[in-house]
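The values are calculated or read from the model by the stated rules, or taken from the named source; none is laboratory data. Since this is a predicted model, take the numbers as computed values, not measurements. Heads up, the Cβs are rebuilt from the backbone with ideal geometry, glycines too, and the neighbour counts pull from every protein chain shown. Heavy atoms of the whole protein, side chains included, go into the accessibility calculation; ligands, DNA and RNA do not. Shrake-Rupley method; radii C 1.70, N 1.55, O 1.52, S 1.80 Å.
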Amino acid sequence: MRAGLTHRRAIIVGAGQSGLAVAAALSAEGLRPQHEFVVIDAASTGQRSWSSRWHSMELLSDARHSALSPRRLLGDQRRHPRVDEMADYLSFVEARLGVETVWGVRAVGVEQRGNGSTLLLSTTAGRCRPAT
């Protein structure tokens, strides 16, 4: 088991827009990254899925509706952000939140434990036991 993946209140699977939105929400509730929660992503270090998209691709939603709480996307809020812009933006958000994503770890299964309120996550780095 890789250090830092076990005994956390939450493990967020994926360092993309949704995963970082969850990290921002947990941070807003006072949980600390790397202490109470951790973010894992199956990609190689820093290679967000946005990096492998067509460079001409744009989001369907405008910048105003694509931003996360730590900071809005800069520039015209009516434009549709490009792939490279989103990859850079997500790296900024990750740093702003203090999240140190554990790259190269894939979630492979989830099991209910006890009365069903506890979940055990299996990853390519081993099983992650929740904090008690």
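Taken about its Cα centre, region 67-132 carries a charge dipole of roughly 180 debye when the Cβ of each Lys and Arg holds +1 and the Cβ of each Asp and Glu holds -1. For the chain, the dipole from Cβ point charges (+1 on Lys and Arg, -1 on Asp and Glu) about the Cα centre works out to 260 debye, to the nearest 20.
For Ile12, the amide hydrogen comes within under 5 Å of the amide hydrogens of Val38, Val39, Ile40, counting only partners 5 or more places away or on other chains and with H modelled in the peptide plane. Across every direction, the projection of the convex hull enclosing the Cα atoms of region 38-105 has a mean area of 4.6 nm².
In the context of the full set of protein chains, residues of the chain present 59 Å² of accessible surface per residue (probe radius 1.4 Å, heavy atoms only).
Rounded to the nearest 10 degrees, the inclination of helix 17-28 to the longest alpha-carbon principal axis of the chain is 70 degrees. When the GluC sites (Glu not before Pro) in region 37-132 are filtered for DSSP coil states and for at most 14 other beta-carbon atoms within 10 Å of their beta-carbon, the remaining sites are Glu100.
Computed on region 63-102, with alpha-carbon pairs under 8 angstrom and 6+ residues apart, the relative contact order is 37 percent.
The alpha carbon convex hull volume per residue for the chain rounds to 115 Å³. Rolling a 1.4 angstrom probe over the chain with all protein chains present gives an accessible area of which 50% lies on carbon and sulfur atoms.
Across the options Gly126, Ala23, Gly98, the greatest Cα extent toward the positive end of the charge dipole of the chain (unit charges at beta carbon of Lys, Arg, Asp, Glu) belongs to Gly126. Across the chain, the mean sequence separation of Cα contacts (distance under 8 Å, 6 or more residues apart), normalised by length, yields a relative contact order of 32 percent. Looking at region 42-132, the trypsin sites (Lys or Arg not before Pro) that sit in a DSSP loop and have at most 13 other Cβ atoms within 10 Å of their own Cβ are Arg72, Arg78, Arg106.
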